[in-house]
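K.L.:
Let me begin by handing over the structure; questions about it come next.
Computed from the coordinates by the stated procedures, all read-outs in this text should not be read as laboratory data. Keep in mind it's a predicted model, so treat the numbers as computed, not measured. In this analysis, Cβ positions are derived from the backbone assuming ideal geometry, glycine residues included, and neighbour counts consider all displayed protein chains.
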Amino acid sequence: MLLELHSVSSDTFYTPEAGARIYFYNFQGYPSLFMDGVDLWPISTWRPAIDNRITRPSPITLTINGFYNSSNNTGTVDASFQNDSTASITARIYFVITEDSLYHYDPNGHAWHNHVARDFLPNEIGESVTISPGQIVTKSRNFTIASSWNENLCCVVTWLQADAPSRNVFQAGQEKIMNLIYVEEESKPEARIPTVSLVTNPCVCTAVFAINLTGNTNYQIEIFDISGRRVSKIKGITSQNKELVSWNLKDETGNSVSAGVYLYRFTSPELNVTGKFVVY
């Protein structure tokens, strides 16, 4: 996830919130790339640093949902952060509306501007949270797309970031505004297809299954090693149509399983499937 902040009041795309975010890093310069708590320079180091950063596993699983009504340019975004690690995480959740592919020729020679921060929701301060191991924290924000913005080029971005001194970003994601488009359905309900899938694969600290079944449905997930030996079993009853179910990568005796390839078998009255995943 990239975010372009214009912190100088004379900039065409300046916002006071973006200016305040720059000072969060105790640095003022243009152009600069901030990754976690580090200002990267020179520009030639940016791409290798980003490529290296995105290969590092995150302790957080992020899910973004919501809706957008294009008739009045308003919507709501919901972000769920699940702690897949074995330690509590204290950080701040931020939301911002961005606009992409903006053309304006600056005196320094920059013409095209991407992922420009338009509006922080509700501000650049964010909301402090502590997420315990295995816990899911969900936050919602209302937003409005200004008439001067191109809604087709707007995204909602959210991330979880520690305060100073580390300023570590644990997880981030974005969703196009038009992917949240709200369409009022008529009386005929939309057909629902039962599904189960792995949210995390490869799995580092936990395996997270996304289950979409009718509420109050019994299900069972069996985990097998590559030899076919069952190492764990999870039983449950769905409380809603969509939910996340976690396996802590431990066998039935409570010991952590070895790295390697594992198989799962999901059984329920609505759906029976098998699949494969990797544990690091």
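K.L.:
As a footprinting exposure proxy, order TYR105, TYR262 by other Cβ within 10 Å, with the fewest listed first.
P.N.:
TYR105, TYR262
K.L.:
Right, something else. Size of the dipole of the chain about the Cα centre, Lys and Arg at +1 and Asp and Glu at -1 on the beta carbon, nothing else charged, in debye to 20?
P.N.:
Here the chain has a charge dipole of around 1000 debye.
K.L.:
What is the extension gain from ASN73 to VAL38, computed as 0.36 nm multiplied by their sequence separation minus the C-alpha to C-alpha distance, in nm to one decimal?
P.N.:
Extra length available between ASN73 and VAL38 comes to 9.0 nm.
K.L.:
Further question: Report D for the range 45-201 in µm² per second (integer): Stokes-Einstein, Kirkwood Rh on Cα pairs, 4 °C, 1.567 mPa s.
P.N.:
73 µm²/s
K.L.:
Compute the distance in nm between two label points, each set 7 Å from the Cα along the Cα-to-Cβ direction, one at TYR103 and one at THR86.
P.N.:
5.5 nm
K.L.:
Sticking with this structure for a sec: Take the residue pairs LYS139/LYS242; LYS139/LYS176; LYS176/LYS250; LYS139/LYS276; LYS235/LYS276 and return only those whose Cα atoms are more than 26 Å apart.
P.N.:
Pairs exceeding the cut-off: LYS176/LYS250; LYS139/LYS276.
K.L.:
Something else: Select from THR63, ALA87, THR267 the residue farthest towards the positive end of the dipole of the chain; place +1 on Cβ of Lys and Arg, -1 on Cβ of Asp and Glu, and compute about the Cα centre.
P.N.:
Looking along the dipole axis, the top candidate is THR267.
K.L.:
Just the Cα atoms of the range 195-279, one point each, no solvent: what log10 I(q)/I(0) does Debye give at q = 0.11, 0.14, 0.27 Å⁻¹?
P.N.:
Per q value, in the given order, log10 I(q)/I(0) is -0.27, -0.43, -1.46.
K.L.:
Taking Cα pairs under 8 Å and at least six residues apart, what relative contact order does the chain come out at, in percent?
P.N.:
On the way: 565 pairs, mean separation 42.8, N = 280.
Normalised by residue count, the contact order of the chain is 15 percent.
K.L.:
Mind putting together the pair-distance distribution for the chain? All Cα pairs, 5 Å bins, whole percent per bin, short to long.
P.N.:
Answer for the chain: a P(r) of 1, 5, 10, 13, 15, 14, 13, 10, 8, 6, 3, 1, 0, 0 percent.
K.L.:
Within 10 Å of each residue's Cβ, count the other Cβ atoms and sort THR217, THR274 from fewest upward.
P.N.:
Working: THR217 17, THR274 11.
Ranked by crowding around the Cβ, least crowded first: THR274, THR217.
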